[in-house]
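Have a look at the structure below, then the notes.
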Amino acid sequence: MTLWEQSATEITTKTRRGELSAEETTRAFADRIEALDPAVGAFLDRMTEPALERARELDALPAAERGALHGLPVALKDIISVAGSRCTCGSRILEDYVPVYNATVVDRLNDAGAVILGKTNMDEFAMGSSTENSAFHTTKNPWNLNCVPGGSSGGSAAAVAARLVPAALGTDTGGSIRQPASLCGVTGLKPTYGRVSRYGLVAFASSLDQIGPLTTSVEDAALLLEALAGDDSHDATCATRPTAPYSQELGGDVKPLRLGVPNAATSEGVDPDVRAAFEAAVATFASLGIAIEEVTLPATEHAVACYYLLATAEASSNLARYDGVRYGLRVSEDEPLRVMMGDTRARGFGAEVKRRILLGTFVLSSGYYDAYYQKAQRVRSLIGRDFEKAFERVDAVLLPTSPTPAFRIGEKVDDPLSMYLTDIFTITANLTGAPAISLPGGFASDGLPIGIQLVGKHFDESTLLRLGHAFQQATDFHKKSPTIAET
Amino acid sequence: MADFDEAQVRKLAELAHVKLSDDESAGFAGQLDEILGYAERIQAHDTDGVVPTSHALLEAGLEGASALRDDEPTGSLDREQVLEGAPDPGDGLFKVPKVLP
Amino acid sequence: MTQTDYETVIGLECHAQLQTATKLFCGCRASFGAPPNTNICPVCIGLPGALPVLNRRAVELSLRAALAVGCRVNETSVFARKNYFYPDLPKGYQISQYDRPLAEDGVIVLELETGTKEIRVERIHMEEDAGKLLHEGFDDASSKSGVDFNRSGVPLIEIVSHPDLSSPEEATQYAESLKEIIEYTEASDTDMEKGNFRFDGNVSVRPRGTTELGTKVEMKNLNSFRFLAQALAYEVDRQIELIESGGRVIQETRLYDPGADKTVSMRSKEEAHDYRYFPEPDLPPLTIAAAQILEAKENLPELPEAKRERLVSAYGLPPYDAEVLTSSRELANYFETTAESSGNAKAASNWIMSEVLRKVKETDATLAELPVAPAALGELIQLIDDGAISGKIAKDVFEKMFATGDAPGVIVKREGLAQISDVSAIEELARGVIEANPDQAAELKAGKDKVIGWMVGQIMKASRGQANPQLARETLIRLIEDA
């Protein structure tokens, strides 16, 4: 088996044992990026030279000091801070911004022996579902270069799908890990809110953002989560409860588990191929001896509306710091202060970001706060209750990830609402804080991948991963790669 | 409900310090009107007596008290390094267009 | 109508900087006077991705201050973002508390000439300070301003009174009382010169007897008691004159200009504010357990009023002395230590109110910086009470203690200042004076008592003031009679 066909678990295990060198692995993936990324456009910045240097250091480490991700090349969505490397968030306003500190997840990856190979493309400030909102370039879906990879972590999903890296990190505020994972045919995990530190993750909507891995298998997702998860004294919203040995718990028996299927999961607006894949997935789980139960989640029909009111409100505040004073872009610098700030933000932000800042500003403004922001917060509570009630009876809920497979580049750019509605199945996990994972669940008639999604109980990533792993033992969708990966 | 006209958009843009062209204002007015029209559906929900959620895990009783920090200095950043990334550094300060005192 | 036909309504907002080592949400030092932008980190300059983590000590100090002004502490309070743009506000929002503050419903009792008056404290909340804009001191100051973020994130509490104050004098008295109480709790050093304790005022007037509030004007940054009193007085007069001349007070923010002794409108700089407060998602609500509140209440230091009463009852001080000595907790402590070590409370009070406070004033030092520690002053008082030195010598010894920092006993010994009470030594001195002044001695012997004072003076002079004057007088009379 060639290197790129191997999983993250295989690569790091072999490197730790000395059967592979970190330098060779790093060079091999760097070469793949060099050769294939011009067509895919997954990366914004490559970090080949520092990565190779780091790999050589790792190769020199004695066996006892080698970490759980020893020698594993990874890519990071360009919204995660790495000291000394540009962090653009896909935005002109941060085009030249270089962080002076590492995100906690970066320290954790480094401690575990991973090699950071580059930064991946994304929708500007993670606002979007297609990566078309990047200020720099459009990332293509490796399965069909005329289609979007999904978003906002489209660069990370495309990079893993084309096997340009064995694993990547993304961020998920309303589905931004799971939806591109689904559209690119890879595995994408959004951990429970608070399971992974957000320190150094540039904020979009602070009460919803969460970092997670994109990989080619559940086994690899568990491996990365184990390295990333845990409390952080720099993040007051990070959970203090202990983490679990996720990768060692994968093989547990799934027979006693119960899976909830919402009665309206495949209703209106769901593509027939997605519906078929979803129903096949239900059958697969049933064949594993898992009890399937119907659940109702009535408040979730309002999840998209609720989400766009809350997320934009938080975003309007989080993005206020880009004012041309301390870092990042400044234009009209000889004009009065107000003009400088207004022009800087006009030039620095793209249309979708402006749209959301305006909506969020409105939602919080005097006279509308109660009717929109606070009302949405109450609906958020109701959505939480629906899930709580469901989880009294089941261990996880099965949903489609995206109502459709990847759409064509340019198809939805002028219709923001239809773009927002692609998040309909992913948003609830962000609103409730629950963990969720998207798994490759089949292919549409035109060959594009389709994802299915499991939503778990808070902090019960173990069960979620166990179910996902069992599904991947019974199917081989996750083993398929696009033709471009083989060239 | 609030109708989004261009004047409304311009007022919000002023508050958010984003300068908009006339074309942008018109375009956003239409889009925001549509998005907000969709979001109106949450009004149909009866939320009497429902506590608003601002921290999902806390309200769900899953995470406890606020995490506090000890009052111990942890060191600061190197000023020159930080100012290097500033649009207009000088005299150890972040310079901005003159603000009237 | 005339001035007296109007009623004044004033509410004060006080910002007190908490005495912590580090900032409210990060580990940068909260110290004053460091070179610009040297106490900064990702959190307090608002770098992308940085997150706030609340300082435990700041919570403890706020809690103490809240309890000291009799507030009810909320077991759950919520941090909120106050959104506005300004170059000294690095995140584009200030983290403050809004609809669920730390504490509510306190009261401060003022002793007025007309009796006592309760001023209600509406709320106390925690918040972070902004950075500082500099307008001069660099070459391009004509076209640019500069931002220093050292102060950004420094912990503050805001103490908001109800509009219960009905004159600038009352407002000033409230401000002084509040400062005294907060200083006692050690929640803040209340140093007004450093801006660690500052006031904003809301002022309105209305025809006497009406109940509807007049339009209020906000007065910013009243940084000393004198300015506070002057600014409020000016503003009250301005509003009354305006109304009397047929004008109307408009709601606005005004800044006091102490140089010109007037207030000027800040309207030109005002924008339509809409702070869009919402709960800070990066910080879980602050919960303070009932047990912690109770414990803090029990550990609250003695407050000024209680201390005054105790100084009167336990030390037998006159109320005036107690008032002066409790003007700060530091001074009261200084007094108590002096009184304990000297065993003479009234003398301790006299010495502190005259000599010690004079030195503080002359040298512009704090009590802690004075070279004379309270225990040393106590020792000095004891030396007088034991008759070891005279009261006059004691003044000199005090000066020397101040100059050298040495203990009084050491100075007395080194300089030979101990009072001479040895009979034979005094006899020797008296004989010398008698021999040197035979005429005066003869007069005295002849019963002319007038010269006795002069002759005792000669003995004192010969002893460089150390002779026990009573003993000198007795000895002189005995020697003359015996001769």
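Within region A:387-399, track down each residue that is at the interface with chain B (Cβ under 10 Å from one of its Cβ atoms) and either closer than 27 Å to residue A:273 by Cα or crowded, with 19+ Cβ neighbours inside 10 Å (or both).
Taking region A:387-399 first, the residues at the interface with chain B (Cβ under 10 Å from one of its Cβ atoms) are A:387-388.
Hit for region A:387-399 is A:387, nothing else.
For residue A:334, state whether it is at pLDDT below 95 and assigned to a helix (DSSP H, G or I). Break it down stepwise before answering.
Working: at pLDDT below 95: yes; assigned to a helix (DSSP H, G or I): no.
When the stated conditions are applied, residue A:334 does not pass them.
The conditions are (1) at pLDDT 95 or above; (2) small (Gly, Ala, Ser); (3) over 15 Å from residue C:280 (Cβ atoms), and residue C:142 fails exactly one of them. Which is it?
Every condition holds for residue C:142 apart from (1).
Go through region C:131-159 and report how many residues are within 13 Å of chain B (Cβ to nearest Cβ) and either more than 23 Å from residue C:15 (Cα to Cα) or touching a Ser or Thr at 6+ places or on another chain (Cβ under 7 Å) (or both).
17
Report, by residue number, each residue of region A:317-352 that is facing another protein chain (nearest Cβ under 7 Å) and closer than 21 Å to residue A:433 by Cα.
Correct list: A:317 only.
Could you check chain B for helices (runs of 4 or more DSSP H) lying wholly inside it with 2 or more residues that are crowded, with 16+ Cβ neighbours inside 10 Å and at pLDDT 90 or above?
On the way: elements: B:6-15, B:22-39, B:56-59, B:79-84.
By residue number, B:6-15, B:22-39, B:79-84.
Could you please give the count of residues in region C:111-142 that are of a type in the set (D, E, K, R), more than 30 Å from residue C:25 (Cβ to Cβ) and part of a strand (DSSP E or B)?
Counting residues in region C:111-142 that are of a type in the set (D, E, K, R), more than 30 Å from residue C:25 (Cβ to Cβ) and part of a strand (DSSP E or B) gives 4.
Report, ordered by the first and then the second residue, all pairs with beta carbons closer than 6 Å, sequence separation of six or more or different chains, a first member in region C:439-460 that is more than 25 Å from residue C:422 (Cα to Cα), and a second member that is outside any loop (DSSP other than H, G, I, E, B).
These pairs meet every condition: C:443/C:451.
Look at region A:400-446 and say how many of its residues are within 14 Å of chain B (Cβ to nearest Cβ) and assigned to a strand (DSSP E or B). Explain how you work it out, then say what you get.
Going through region A:400-446, the residues within 14 Å of chain B (Cβ to nearest Cβ) turn out to be A:412-424, A:427-436.
If we keep only those that are assigned to a strand (DSSP E or B) as well, we get A:436.
Final tally of qualifying residues: 1.
Listed residues A:191, A:245, A:262; which is at pLDDT 95 or above, closer than 22 Å to residue A:303 by Cβ and touching a helix residue (DSSP H, G or I) at 6+ places or on another chain (Cβ under 9 Å)?
On the way: A:245 fails: closer than 22 Å to residue A:303 by Cβ; A:262 fails: at pLDDT 95 or above.
Only one candidate passes the filter, namely A:191.
Given A:410, A:468, A:447, which one is crowded, with 24+ Cβ neighbours inside 10 Å and not hydrophobic (A, V, I, L, M, F, W, C)?
Only one candidate passes the filter, namely A:468.
Return the total of residues in region A:447-487 being within 14 Å of another protein chain (Cβ to nearest Cβ) and aromatic (Phe, Trp, Tyr).
So in region A:447-487, the residues within 14 Å of another protein chain (Cβ to nearest Cβ) come out as A:455-461.
Now narrow it down to the ones that are aromatic (Phe, Trp, Tyr): A:459.
Looking only at that region, the number is 1.
Is it the case that region C:82-105 has a residue that's closer than 20 Å to residue C:10 by Cβ, of a type in the set (A, V, I, L, M) and in contact with a Gly (Cβ under 8 Å, 6 or more places away or on another chain)?
no
Considering only residues that are within 21 Å of residue C:65 (Cα to Cα) and of a type in the set (Ser, Thr, Tyr), look in region C:156-211 and name the one that is farthest from the chain's Cα centre (by Cα).
Per the criteria, the residue is C:161.
For residue C:411, work out the one condition from (1) over 30 Å from residue C:370 (Cβ atoms); (2) within 37 Å of the chain's Cα centre (by Cα) it doesn't fulfil.
(1)
Identify, from the list C:118, C:104, C:122, the residue that is within 24 Å of the chain's Cα centre (by Cα), surrounded by fewer than 23 Cβ atoms within 10 Å (Cβ to Cβ), modelled with pLDDT of 95 or more and within 30 Å of residue C:52 (Cβ to Cβ). Lay out the reasoning, then the answer.
Values: C:118 fails: within 30 Å of residue C:52 (Cβ to Cβ); C:104 fails: within 24 Å of the chain's Cα centre (by Cα).
Checking each option against the conditions leaves just C:122.
When you go through C:322, C:272 one by one, which is the residue that is modelled with pLDDT of 90 or more and either hydrophobic (A, V, I, L, M, F, W, C) or in contact with a Lys or Arg (Cβ under 9 Å, 6 or more places away or on another chain) (or both)?
Values: C:272 fails: modelled with pLDDT of 90 or more.
After applying the criteria, what remains is C:322.
All but one of (1) over 16 Å from residue C:154 (Cα atoms); (2) among the hydrophobic types (A, V, I, L, M, F, W, C); (3) surrounded by fewer than 23 Cβ atoms within 10 Å (Cβ to Cβ) hold for residue C:80; state the number of the condition that does not hold.
Of everything listed in (1) over 16 Å from residue C:154 (Cα atoms); (2) among the hydrophobic types (A, V, I, L, M, F, W, C); (3) surrounded by fewer than 23 Cβ atoms within 10 Å (Cβ to Cβ), residue C:80 misses just condition (3).
So, restricting to helices (runs of 4 or more DSSP H) that lie completely within region C:369-483, which ones have at least 2 residues that are β-branched (Val, Ile, Thr)? Walk me through it before giving the result.
On the way: elements: C:374-385, C:391-404, C:408-414, C:423-436, C:438-445, C:452-462, C:469-482.
Because the criterion is at least 2 residues that are β-branched (Val, Ile, Thr), the helices (runs of 4 or more DSSP H) in region C:369-483 that meet it are C:374-385, C:391-404, C:408-414, C:423-436, C:452-462, C:469-482.
Could you tell me whether residue C:80 is modelled with pLDDT of 95 or more, facing another protein chain (nearest Cβ under 10 Å) and assigned to a strand (DSSP E or B)? Break it down stepwise before answering.
Numbers: modelled with pLDDT of 95 or more: yes; facing another protein chain (nearest Cβ under 10 Å): yes; assigned to a strand (DSSP E or B): yes.
Yes: the conditions hold for residue C:80.
Specify the residue that is nearest to residue B:26 (Cα to Cα); the eligible residues are those in region A:364-386 that are more than 9 Å from chain B (Cβ to nearest Cβ) and assigned to a helix (DSSP H, G or I).
Of all residues in region A:364-386, those more than 9 Å from chain B (Cβ to nearest Cβ) come to A:364, A:366, A:369-370, A:386.
Then keep just the ones that are assigned to a helix (DSSP H, G or I); that gives A:364, A:369-370, A:386.
Working: A:364: 22, A:369: 24, A:370: 27, A:386: 39 Å.
Looking at residues that are more than 9 Å from chain B (Cβ to nearest Cβ) and assigned to a helix (DSSP H, G or I), I get A:364.
Please go through region C:186-205 and pick out each residue that is buried (at least 24 other Cβ atoms within 10 Å of the Cβ) and either over 15 Å from residue C:158 (Cα atoms) or β-branched (Val, Ile, Thr) (or both).
Within region C:186-205, C:203, C:205 qualify.
So, residue C:171, is that one touching a Leu at 6+ places or on another chain (Cβ under 6 Å) and over 23 Å from residue C:132 (Cβ atoms) or not? First the steps, then the outcome.
Numbers: touching a Leu at 6+ places or on another chain (Cβ under 6 Å): yes; over 23 Å from residue C:132 (Cβ atoms): yes.
For residue C:171, the condition - touching a Leu at 6+ places or on another chain (Cβ under 6 Å) and over 23 Å from residue C:132 (Cβ atoms) - is met.
Where residues in region C:30-74 are of a type in the set (D, E, K, R) and touching a strand residue (DSSP E or B) at 6+ places or on another chain (Cβ under 6 Å), which of them is farthest from the other protein chains (Cβ to nearest Cβ)? Can you show your working first?
Residues of region C:30-74 that are of a type in the set (D, E, K, R), as a first pass: C:56-57, C:60, C:64, C:72.
After this cut, where a residue has to be touching a strand residue (DSSP E or B) at 6+ places or on another chain (Cβ under 6 Å) as well, the list is C:56, C:72.
Values: C:56: 4, C:72: 20 Å.
Across region C:30-74, the extreme among qualifying residues is C:72.
Name the residues in region C:131-181 that are touching a Lys or Arg at 6+ places or on another chain (Cβ under 7 Å), in contact (Cβ under 8 Å) with a residue 40 or more places away in the chain and surrounded by fewer than 23 Cβ atoms within 10 Å (Cβ to Cβ), would you?
Those that are touching a Lys or Arg at 6+ places or on another chain (Cβ under 7 Å), in contact (Cβ under 8 Å) with a residue 40 or more places away in the chain and surrounded by fewer than 23 Cβ atoms within 10 Å (Cβ to Cβ): C:132, C:148, C:160, C:162, C:164.
I'd like the residue in region C:90-110 that is assigned to a loop (DSSP other than H, G, I, E, B) and in contact (Cβ under 8 Å) with a residue 60 or more places away in the chain and, out of all such residues, is nearest to residue C:69 (Cα to Cα). Before the answer, list the steps.
Taking region C:90-110 as the starting set, the residues that turn out to be assigned to a loop (DSSP other than H, G, I, E, B) are C:90-92, C:98-102.
Next, from what is left, pick out any that are in contact (Cβ under 8 Å) with a residue 60 or more places away in the chain: C:90, C:98-100, C:102.
On the way: C:90: 32, C:98: 20, C:99: 20, C:100: 18, C:102: 13 Å.
Among those residues, the one meeting the criterion is C:102.
In the set A:305, A:236, A:244, A:264, which member is in a helix (DSSP H, G or I) and of a type outside the set (Phe, Trp, Tyr)? Break it down into steps so the answer makes sense when it comes.
Numbers: A:236 fails: in a helix (DSSP H, G or I); A:244 fails: in a helix (DSSP H, G or I); A:264 fails: in a helix (DSSP H, G or I).
On inspection, the qualifying residue turns out to be A:305.
With A:96, A:107, A:78 as the choices, which residue is surrounded by fewer than 24 Cβ atoms within 10 Å (Cβ to Cβ), under 20 Å from the mean Cα position of the chain (by Cα) and within 27 Å of residue B:80 (Cβ to Cβ)?
A:107
Give me a count of the residues in region C:42-77 that are free of Cβ contacts under 8 Å to residues at least 24 places away in the same chain and either under 16 Å from residue C:182 (Cα atoms) or in a helix (DSSP H, G or I) (or both).
The qualifying residues number 1.
The values are calculated or read from the model by the stated rules, or taken from the named source; none is laboratory data. As the structure is a prediction and not an experimental result, all values here were calculated from the model. Here the Cβ is made from the backbone with ideal geometry for all residues, glycine too, and neighbour counts use every protein chain on show.
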